[in-house]
Amino acid sequence: MLFQDGRILDVVPQDELPADTSVTDFGEAAILPGLVDSHVHINEPGRTEWEGFRTATRAAAAGGYTLLVDMPLNCLPATTTVAALEAKRKAASGQCRVDWMTWGGVVSDNQEHIEGLAAAGVPGFKCFLIHPGIDGFTMVTERELRAALPHVARTGLPLLVHAELPERVDEATRQLAEADWSKYATYLQSRPDEAELSAIQLMISLCRQYHFRLHIVHLATCQALDIVRAAKSEGLPVSVETCPHYLHFSSDKIPDGQTLFKCAPPIRSRENCEKLWQGLREGVIDLVATDHSPCPPEMKRLGERNFRTAWGGISSLSLALPVMWTEASGRGFTLADIARWMAEGPARLAGCESRKGCVAKGFDADFVVFEPETEFIPAEEHLPYRHRVSPYLGERFRGVVKATYLRGNCIFAGREFPGEPGGRELRR
């Protein structure tokens, strides 16, 4: 790879490099494109005690990511107006180790702000069909969606949807009122597959009617794959992501009371996990994003062991690549597949596929030096985000990020973060 001034000039064999070129040889390590995470909760401004730009981008660099796309909720104010977007930009200034973007939010009452957010540079929008677990970012009903979708369609940008309908979850939860909420099985029953299925069916129907780009975030149920496959065959502009935790963990291995495993939608069965992998193999699932969703450890209710009251979210920015490679390599996938799922696909979703997500001429010189055969057991020092808790601690994984480069500058090597923060916001 030959690069200058932060851009890749060409990718050539070493014997074709100009004579005066300064060369760095990484030996037998693999060179991957800088990863792109299109689903991250940075939480700043307003909830920096959960996570923030400084700590989230540090963890990203350690994990091989060179671009994060922040979700519009959990920060205060939520990114549902241009004024809130400007507040986020101010908060991020001077703190970021990697590049960043942010989705705009679609909530119950901000229809008139959607096109303004697009003009201000967001790459798309995010909405919830169910209460997001936090105040300050409202879910949208079907009626409110129908009011917002003409605005979304006019922007030409994707709408990312947390696809669970509350009626199915509320009904299941009522039936479990007297159940033991220290048991993972109780929580799993409270978020049934049908909640995801009905929501995805609704969104595909609306996509057909309003002609907008639909993206389903964190798909957890394999039962939706046939629905998505049919929508794609119909030519509808539908894309789907899943997450490392749905591709690694399974419900039968989650101990009761271990609320670090709580996320929404929930981690389902081993059979479900294998079918999600098949969805990736067939291209029904387009990409893998982390849904890095941190919180202060006390919000996980580890002492109470209560899945009902614990915050739902799994932090994984610095470990997602080895988790994915461990699982993928054992199923016959290659590093090219990893690059497609974790770099190219998310970059395309965020509209920056002409400069991010690929090692090729004209792209930013973002890349990862990765040792795919090296094994390690993650400990707290492998978690450089704000709160060093994770359900992945103590497991054995294959693949180690040795170094990460942003526009040709080393931003992570040997557990160190050299230089000053040089990450920039990318505006659509």
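What to note about this one:
- Filter pass, GLU425 being surrounded by fewer than 21 Cβ atoms within 10 Å (Cβ to Cβ) and modelled with pLDDT under 95: no
- In the set (1) of a type outside the set (A, V, I, L, M, F, W, C); (2) in contact with a strand residue (DSSP E or B) (Cβ under 9 Å, 6 or more places away or on another chain); (3) assigned to a loop (DSSP other than H, G, I, E, B), THR66 fails one condition alone, (3).
- Pairing each residue of segment 20-36 that is under 10 Å from PHE370 (Cβ atoms) with any residue that is in a loop (DSSP other than H, G, I, E, B) and β-branched (Val, Ile, Thr), provided the two are 6+ apart or on different chains, yields C-beta distances under 8 Å for ILE31/VAL359; LEU32/VAL359.
- From the list ASP20, ASP5, ASP15, the lone residue that is closer than 25 Å to GLY423 by Cβ and not aliphatic (A, V, I, L, M) is ASP5.
- Residue match in segment 317-325 (condition: of a type in the set (S, T, N, Q), in contact (Cβ under 8 Å) with a residue 40 or more places away in the chain and buried (at least 24 other Cβ atoms within 10 Å of the Cβ)): yes
- Residue satisfying all of: in segment 215-235; open to solvent by 30 Å² or more (accessible area, probe 1.4 Å) and of a type outside the set (S, T, N, Q); farthest from LEU149 (Cα to Cα) among these: ASP226
- Among the residues making up segment 144-164, those that are crowded, with 20+ Cβ neighbours inside 10 Å and outside any strand (DSSP E or B) are LEU145, ALA148, LEU149, HIS151, VAL152, THR155, LEU157, ALA163, GLU164.
- For segment 385-400, a residue qualifies if it is of a type in the set (A, V, I, L, M, F, W, C), open to solvent by 20 Å² or more (accessible area, probe 1.4 Å) and touching a residue at least 24 places away in the same chain (Cβ under 8 Å), and the qualifying residues are VAL389, VAL400.
- Here LEU206 meets each of (1) within 23 Å of the chain's Cα centre (by Cα); (2) open to solvent by less than 10 Å² (accessible area, probe 1.4 Å) with one exception, condition (1).
- CYS263 vs. criteria at negative phi, open to solvent by less than 60 Å² (accessible area, probe 1.4 Å) and at pLDDT below 95: no
- Residue in segment 169-190 that is under 21 Å from the mean Cα position of the chain (by Cα) and of a type outside the set (Gly, Ala, Ser) present: no
- Qualifying helices (runs of 4 or more DSSP H) (wholly inside segment 187-304; at least 2 residues being within 28 Å of VAL389 (Cβ to Cβ)): 193-210, 244-248, 270-282
- Residue within segment 111-121 that is open to solvent by less than 50 Å² (accessible area, probe 1.4 Å), at pLDDT 95 or above, of a type in the set (Val, Ile, Thr) and assigned to a loop (DSSP other than H, G, I, E, B) present: no
- Of all residues in segment 12-45 being among the charged types (D, E, K, R) and outside any helix (DSSP H, G or I), the one that is nearest to CYS352 (Cα to Cα): ASP37
- Any hit, segment 76-97, residues being assigned to a strand (DSSP E or B), within 21 Å of the chain's Cα centre (by Cα), among the small types (Gly, Ala, Ser) and closer than 29 Å to ILE200 by Cβ: no
- Residue match in segment 329-338 (condition: in contact (Cβ under 8 Å) with a residue 60 or more places away in the chain and either β-branched (Val, Ile, Thr) or within 15 Å of PRO244 (Cα to Cα) (or both)): yes
- Some residue of segment 133-143 being farther than 17 Å from ASN74 by Cβ, within 24 Å of the chain's Cα centre (by Cα), in contact (Cβ under 8 Å) with a residue 40 or more places away in the chain and crowded, with 20+ Cβ neighbours inside 10 Å: no
The values are calculated or read from the model by the stated rules, or taken from the named source; none is laboratory data. A quick note: this is a predicted structure, and the numbers were derived from the prediction, not measured. We place every Cβ from the backbone using ideal geometry, glycine too, and count neighbours over all the protein chains shown. We work out accessible area using only protein heavy atoms, side chains counted, and drop any ligands, DNA or RNA first. Shrake-Rupley method; radii C 1.70, N 1.55, O 1.52, S 1.80 Å.
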